[in-house]
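Novice: Before I ask anything, here is the structure I am working with.
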Amino acid sequence: MSDVKKEKAVKLADPVAASIDPATQEMIARAHELGVETVFDRAVNMKPCVIGIQGTCCKNCSMGPCRLPLPKDGIKEDDIEVRKGLCGASANTIAARNFARMVAGGAAAHSDHGRCVAEVFLSVARKETDAYQIKDPVKLRAIAPDFDVATTVEVDGKQVDRKIDEIALEVAEKVINEWGKPEGELYSVKRAPKPLYEKWKKNGVLPRNIDREIVEIMHRTHMGVDQDYKNIVKQCTRSAIADGWGGSMLATDIQDVLFGTPTPIQSEANLGVMKEDHVNIIVHGHEPVLSEMIVAVSQKPEIIEYAKSKGAKGIQLGGICCTANEMLQRHGVPTVGTFLQQELAIITGACDAMVVDIQCIFQNVANVAKCFHTKLITTHPIAKMEQNNVIHIEFDEHYALQDAEKIIKIAIDNFQNRKTEVMIPKHKSLQVAGFGVESIEYHLGGTYRGSYYTLNDNIINGRIRGIAGVVGCNNARTRHNEAHITIVKELIKNDVIVLTTGCNGIACAMEGLLTPESAAVYCGPGLAEVCETVGIPPVLHLGSCVDNSRILLAATEVVKAGGLGNDISDLPAAGSAPEWMSEKAISIGHYFVVSGVYTVFGLHLPTSGAPVFHDYISKEIEKLYGGKWDVEADPIKHAQLMIAHIDKKRKDLGIDKARERVLMDMAARQALDA
Ligand code: BF8
């Protein structure tokens, strides 16, 4: 056999077909020039399994994997008797089990992150570390009542404020208990609108504790346990609520308490934020516990001097994935890129260290780093890599500053070792990020009447047609950022304000949609007017993926402000994950759905091989919780589905014709709710 025949034909990705982003296209071409393989190339060489895509491959025991593709001539009446695995499991059971395990994986990832933050908070409250402090005591006082912790105490017949240290300790002990308390229900589920809480109670899905719901999914989906797809979905629901209204919400709250609640802040996004003459340190992953310390140490004058002593002009920090969003929203650290740009950042030849913690980290970054001088540093005990060029420096909150300093010095010492010619794309965009429940209230309500009334008024009078939460990943099976940007632009063009998190937030930043000025360019006239009046972008960046809890709470505030129904499911609102790829996205999608949100996913859902199960989560479930799943790969149709849903809700509320400008007073709002 000739060498040519022995060699596997390796195709290279077409940069323009792979991404809409010019910086990404440039770097894919650069990777080809240097002979470095990336995810974009792997995606054109390895096709996904079609049965896996349908969700009907069962590998939960060693009699399988049992594969149940959808019959070409469609399913028949007796499908569950004919199409089955060795044990008899139907396509519905198999797809529901697989779906449930994705929810468990996603909820576990968010919630274990939350637990880590809660443990640091407990150390701070117990005064075991002085690296972290309580930066937002106001937020701590605000959330304390949610955990039945008093914020005042009676002294001489008068209520006076309790000491913040006492509140912190009590809240921290209650919070850490949420992962494993033996009885009761999660505290934070009561933050949902009352009708939603009542729906969860009636359907028996109130989460008991965070860990238990994940463990129970693993038990129920073990071979030979739960064989009723509706019952399996019930447990998915309990676990997803324990994520969105539990583990993720606690992560967000405690991160705000420890590191500060974000307020709008200006920065930049895309690979062009890296600087050739600086030490470039890229922090990638999800937990701000590490990145907060990296930010703090990198600003120390003696560290900057040390960098200069090695020939650099300074230190340029940058972020990838949700660590980027965390450092951006609290410190304005620029965003290097989305999930699919992690290898490309190293291929610039200017990444002196990539510091990673948990989640969304390609194992291939280690292979790419080998081709350059980049030091790849893992920091978390649960996330190591097998390649021998990876350095592991375990981050311990008790020695946080020392650990961060050690990591930064490795990066600085590496500055002089650059071996490949540096090529940093020029592309970068301005962005304003750092929005949240509190800042939306302030921006749309003003200092003296901070509230959601103004937002509600603008929705009622039709300037703002509705609200969309557009979130989630990139996926190398689709053109990088294309669906994200097309969907968001179609929504804002139709006066739908967009709340974004995760990699959608980064994609929108790269496209320049996170600036107040973009309103005049891309928005319909109503939304443009609101954005110009209050000086906000039409796309509000609410942070990382655990911060999707901010979207749930913002929706709850809209309900509370009145005039738009009694529950999240009444709102003219919809959710979307255009380029999803992770199990976390499925957990997020499901908690949006069972919180009452019509939620559309791009690409495909791993449910298509089991149409009866798919119908259940995309139709019948709406009767229980008011929200439902949908899937649409075409981005314009995807956005139009969301807009149609928003219009239907406007009609149900009786505000479909009220597009003339009417100033609603409280009585008028209450009349709408009646
Ligand atoms: O948690 S959006 S690719 S980075 S999973 Fe990952 Fe998806 Fe990006 Fe953050 Ni969320």
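The values are calculated or read from the model by the stated rules, or taken from the named source; none is laboratory data. All of these numbers come straight from a predicted model, not from anything done at the bench. So basically every Cβ, Gly included, is an ideal-geometry build from the backbone, and we count neighbours across all protein chains shown. Protein only, heavy atoms only, side chains kept; ligands, DNA and RNA dropped before computing areas. Shrake-Rupley method; radii C 1.70, N 1.55, O 1.52, S 1.80 Å.
Novice: Counting only residues 5 or more places away or on other chains, whose amide H sits under 5 Å from the amide H of LYS181 once H atoms are built in the peptide plane?
Specialist: Under 5 Å from the amide H of LYS181: ILE210.
Novice: In square nanometres, what is the average projected area of the Cα convex hull of the stretch 426-514?
Specialist: For the Cα atoms of the stretch 426-514, the hull's average projected area reads 6.6 nm².
Novice: Could you tell me what a quarter of the Cα convex hull surface of the stretch 271-417 works out to, in nm² with one decimal place?
Specialist: Averaged projected hull area, Cα only: 7.5 nm².
Novice: Given all pairs of different Cα atoms, what value in angstroms does the Kirkwood hydrodynamic radius of the stretch 76-230 take? Intermediate results must be reported in sequence, preceding the final value.
Specialist: On the way: mean 1/r = 0.0532 Å⁻¹.
The Cα-based Kirkwood calculation yields 18.8 Å.
Novice: A further question follows. In whole Å, how far is the Cα centre of the stretch 91-116 from that of the stretch 264-312?
Specialist: Each part reduced to its Cα centre gives a spacing of 34 Å.
Novice: Here is a follow-up. Under the rule of at least 5 residues apart or a separate chain, name every residue whose amide H is placed under 5 Å from the amide H of GLY260.
Specialist: Excluding prolines and chain starts, which carry no amide H, the hits are LYS135, ASP136.
Novice: With every protein chain left in place, what is the accessible area per residue of the chain in square angstrom, probe 1.4 Å?
Specialist: On a per-residue basis, the chain sits at 39 Å².
Novice: Continuing with the same structure: In the calculated pair distance distribution of the chain, what percentage of Cα-Cα distances lie above 39 Å?
Specialist: Counting pairs separated by more than 39 Å, the tail of P(r) holds 32 percent.
Novice: With respect to the cross-link table entries LYS135/LYS190; LYS181/LYS234; LYS59/LYS202; LYS76/LYS619; LYS275/LYS300; LYS181/LYS384, which display a Cα-Cα separation exceeding 23 Å? List each step's numbers first, then the result.
Specialist: Working: LYS135/LYS190 26 Å; LYS181/LYS234 21 Å; LYS59/LYS202 34 Å; LYS76/LYS619 20 Å; LYS275/LYS300 19 Å; LYS181/LYS384 30 Å.
Over 23 Å Cα-Cα: LYS135/LYS190; LYS59/LYS202; LYS181/LYS384.
Novice: Further question: Rg and Dmax of the stretch 479-570, using alpha carbons, in Å: what are they?
Specialist: That works out to 13.5, 41 Å for Rg and Dmax.
Novice: Okay, moving on. Taking θ as phi - 60°, what are the ³J(HN,Hα) couplings along the stretch 109-114 by the Karplus curve (6.51, -1.76, 1.60), each to the nearest whole Hz, with x for Gly and Pro?
Specialist: Going residue by residue, I get 4, 4, 6, 5, 4, x Hz, with x marking Gly and Pro.
Novice: What percentage of all Cα-Cα pairs in the stretch 437-653 are separated by more than 32 Å?
Specialist: On the way: 2436 of 23436 pairs.
Percent of Cα pairs beyond 32 Å in the stretch 437-653: 10.
Novice: Report, to two decimal places, the Cα Rg of the stretch 576-629 normalised by 2.2 N^0.38 Å (N = number of residues).
Specialist: So the Cα radius of gyration is 1.04 times the expected 2.2 N^0.38 Å.
Novice: While we're here: Tell me the GluC sites (Glu not before Pro) within the stretch 36-90 that lie in a loop according to DSSP and have at most 11 other beta-carbon atoms within 10 Å.
Specialist: Those that pass, being in a loop and sparsely packed, are GLU77.
Novice: Hey, what do the phi angles of the stretch 346-355 turn into as Karplus ³J(HN,Hα) couplings, whole Hz, using 6.51/-1.76/1.60 and θ = phi - 60°, x for Gly and Pro?
Specialist: Result, ordered by residue: 6, 5, 4, x, 10, 8, 7, 8, 10, 10 Hz.
Novice: Name the long-range amide H neighbours of ILE497: under 5 Å, sequence gap of 5 or more, or other chain; modelled H, no Pro or chain starts.
Specialist: The answer is ARG465, GLY466, ALA468.
Novice: How large is ³J(HN,Hα) for each residue in the stretch 570-586, as worked out from phi by the Karplus curve 6.51 cos²θ - 1.76 cosθ + 1.60 (θ = phi - 60°), to whole Hz, x for Gly and Pro?
Specialist: My calculation for the stretch 570-586 gives 7, 6, x, 8, 8, x, 7, 10, x, 10, 4, 9, 9, 4, 4, 5, 5 Hz in order.
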